[in-house]
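Have a look at the structure below before the remarks.
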Amino acid sequence: METKTLEQLIVGATPFLIIGGMRPVTWCRNVQRGPRSGPWQYKAEYSVVNDTAWNRLGEVLYFVTDKLGQLRMVGQSSRRLKDRWRLSPMHDVHTKLPMGERALFHTTAWPQIERAVHKEKMPLTVRALFGEDLTALCQRIGNPLSQLIEKCAEGPEHLSGRVEKFILETHGRSLGLWNKAGT
């Protein structure tokens, strides 16, 4: 996949969330254990620029870019963006009691965002391409993306998942994307 093709996908996506900065706050999520729990050291200062997109149901491919337009992450959901980019209740790290606030959280991106907080070029913009728009754009771009549409008929994987996997395989390492394989 050429970089130009990747740029076409990103430009064709709708911005819905902007992370303008990070405020130091120690907190954790109310999950038993594992990497989603934390503790986390920052709370995002963000704005929702397209609430309709953030709440929209359906298959979606999303991109995170920095201030310079560099792709930092690609992801997908078969349900909706707000399931992936959620507002999680914040809890005290020691007492586990609710702090009375919610924080933006993404299971895959959040650890990477926290590690990169001092070197990333804020703001980070999160953009979305929904199912029918993704299909139309892949058809317009042509091969190899249009071939992925045909492969969707062969198995249960959504187009958004196939395009995400394709981007990670062709650009993941060279761009230093935050994604973990298949997440």
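The values are calculated or read from the model by the stated rules, or taken from the named source; none is laboratory data. In this text, all values refer to a predicted model and were calculated from it rather than measured experimentally. Glycine also receives a Cβ, built like all others from the backbone with ideal geometry; neighbour counts cover every protein chain displayed.
Among strands (runs of 3 or more DSSP E) entirely within region 11-69, having at least 3 residues that are among the aromatic types (Phe, Trp, Tyr) and touching a residue at least 24 places away in the same chain (Cβ under 8 Å) singles out 40-48. Taking region 107-139 as the search range and keeping residues that are free of Cβ contacts under 8 Å to residues at least 40 places away in the same chain and assigned to a helix (DSSP H, G or I), which one is nearest to the chain's Cα centre (by Cα)? Taking the candidates together, the pick is Arg115. Applying the condition of being loosely packed, with under 15 Cβ neighbours inside 10 Å and assigned to a helix (DSSP H, G or I) to region 140-153 and asking which residue is modelled with the lowest pLDDT yields Lys151. Check whether at least one residue in region 50-61 is over 17 Å from Gly161 (Cα atoms), surrounded by fewer than 19 Cβ atoms within 10 Å (Cβ to Cβ) and among the aromatic types (Phe, Trp, Tyr), and report yes or no. The answer is yes, given that some residue of region 50-61 is over 17 Å from Gly161 (Cα atoms), surrounded by fewer than 19 Cβ atoms within 10 Å (Cβ to Cβ) and among the aromatic types (Phe, Trp, Tyr).
Please find, within region 77-106, the residue that is farthest from Leu124 (Cα to Cα) out of those that are of a type in the set (Ser, Thr, Tyr) and in a loop (DSSP other than H, G, I, E, B). Only one residue fits best here, namely Thr95. Restricting attention to region 1-16, the residues that are at pLDDT 95 or above and either of a type in the set (Ser, Thr, Tyr) or more than 21 Å from Leu168 (Cβ to Cβ) (or both) add up to 3. Per the listing Leu148, Leu159, Leu129, the residue uniquely within 26 Å of Leu68 (Cβ to Cβ) and either of a type in the set (A, V, I, L, M, F, W, C) or touching an Asp or Glu at 6+ places or on another chain (Cβ under 7 Å) (or both) is Leu129.
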